[in-house]
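Asker: Could you have a look at this structure, given as structure tokens, before my questions?
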Amino acid sequence: MTQNRPSATRSRRAFDRDKALATALREFWSHGYEATSVAALTKAMGINPPSLYAAFGDKRRLFEEAVRLYQRTHGRVLSPEAPDARTAIQDMLRQLATDYTDARHPPGCMIVTAATNCGPDSHEVELELRAMREAAKAAIAARIRQDVEARRLPPETDAAGLATFYASIIQGMSQQARDGASCSELEQVVDCAMRAWPDPV
């Protein structure tokens with residue numbers, strides 16, 4: 001009599017892949033890409049290295065999946081429903097103040113901190129995260145230009161300069177959160193940052 005055997009896929013993957021990915025996200029978010037070893041990942045995920053490689057490929061591809069998960073679950077973008085750029089940016093910054101200090105996950109922004117102090121072997125990871133930050137800054141600039149074109153802001157408004165300023169605020173808030181700043185303290189940063197907004201037309 002022939003016994004039923006579990007499929008090869010099931011035998012290789014006797015763990016919850018989504019749960020393992022969420023755990024990997026926390027490890028990368030807490031310690032950064034380079035400082036998070038495969039040994040640390042497999043220990044936290046409760047699997048062995050062959051299972052990690054079978055399910056995710058390698059550390060680099062696992063990190064890429066973790067970044068995509070972060071963007072889906074924790075990423076914040078400018079609301080297209082906001083009536084103007086000032087409201088969109090202020091609302092985003094306030095959401096970030098809450099998210100960066102949420103005790104249910106590591107503090108700060110993974111896209112800002114995960115590639116800090118990377119060596120030559122991790123240069124491509126650093127470039128990818130930098131490109132994501134630059135894309136976010138470009139989106140802020142584009143939203144400001146919309147207000148200039150709609151004559152809600154003066155024509156001489158430096159959209160690129162303002163976008164760089166608010167991108168710097170975001171990165172600073174992330175580091176402040178990692179240093180232990182509270183949500184209310186970050187909200188004070190937001191209040192100060194919004195005072196730099198140009199006067200409307």
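The values are calculated or read from the model by the stated rules, or taken from the named source; none is laboratory data. All figures in this text were calculated on a predicted structure; none of them were measured in a lab. A quick note on method: Cβ atoms are made from the backbone with ideal geometry, for glycine too, and the neighbour counts reach across all protein chains shown. When the accessible area is computed, the model is the full protein with side chains, heavy atoms only, and any ligands, DNA or RNA have been set aside. Shrake-Rupley method; radii C 1.70, N 1.55, O 1.52, S 1.80 Å.
Asker: Given a Förster radius of 25 Å and the C-beta distance between Thr164 and Ala40 as r, what FRET efficiency does 1/(1 + (r/R0)^6) yield to the nearest 0.05?
Answerer: 0.10
Asker: Continuing with the same structure: For Cα Rg over 2.2 N^0.38 Å, one of (1) 1.26; (2) 1.40; (3) 1.05 was computed from the structure I shared and the rest are decoys. Which label?
Answerer: Read-out taken from this structure: (1).
Asker: Another question, if that's okay. Which whole-angstrom value gives the distance between the alpha carbon centres of the stretch 59-85 and the stretch 143-162?
Answerer: Between the Cα centres of the stretch 59-85 and the stretch 143-162 lies a distance of 25 Å.
Asker: What net charge do the residues around Gly108 carry, taking every other residue with its C-beta under 10 Å from that of Gly108, with Lys and Arg at +1 and Asp and Glu at -1?
Answerer: Numbers: positive: Arg178; negative: Asp99, Asp179.
It works out to a net charge of -1.
Asker: For the chain, what does -39500 (n - 2.57) per DSSP helix run (n ≥ 4), summed and divided by total residues, give at 222 nm, in deg cm²/dmol to the nearest 500?
Answerer: Value at 222 nm, helices only, nearest 500: -20500 deg cm²/dmol.
Asker: On a 1.4 Å probe surface of the protein chains, which of His31, His105 comes out largest in accessible area, and what is the full order? Each step should come with its number before you reach the end.
Answerer: Numbers: His31 110, His105 25 Å².
Heavy-atom accessible area, descending, gives His31, His105.
Asker: If a/c stays under 1.5 just call it rounded; otherwise compare a/b with b/c (prolate if a/b is bigger, oblate if not). Do that for the stretch 74-142, with a ≥ b ≥ c from the square roots of the Cα gyration tensor eigenvalues.
Answerer: On the way: a/c = 3.74, a/b = 1.50, b/c = 2.49.
Here the stretch 74-142 falls in the oblate category.
Asker: Where in the stretch 103-139 is the amide nitrogen less than 17 Å from a point lying 7 Å along the Cα-to-Cβ axis of Ser184?
Answerer: So the set is 103.
Asker: Another question about this same structure. Highest mean first, what order results for 33-39, 23-29, 193-199, 113-119 on Cβ atoms within 10 Å?
Answerer: 23-29, 113-119, 33-39, 193-199
Asker: Please give the per residue accessible area of the stretch 35-82, computed with a probe of 1.4 Å over protein heavy atoms only, in Å². Write down the numbers at each step before the final one.
Answerer: Details: 2590 Å² over 48 residues.
Heavy-atom SASA per residue in the stretch 35-82 reads 54 Å².
Asker: For Asp102 and Asp18, FRET efficiency with R0 = 22 Å and r from the beta-carbon atoms, rounded to 0.05? Each step should come with its number before you reach the end.
Answerer: Values: r = 20 Å, r/R0 = 0.92.
Efficiency, from the Cβ-Cβ distance: 0.60.
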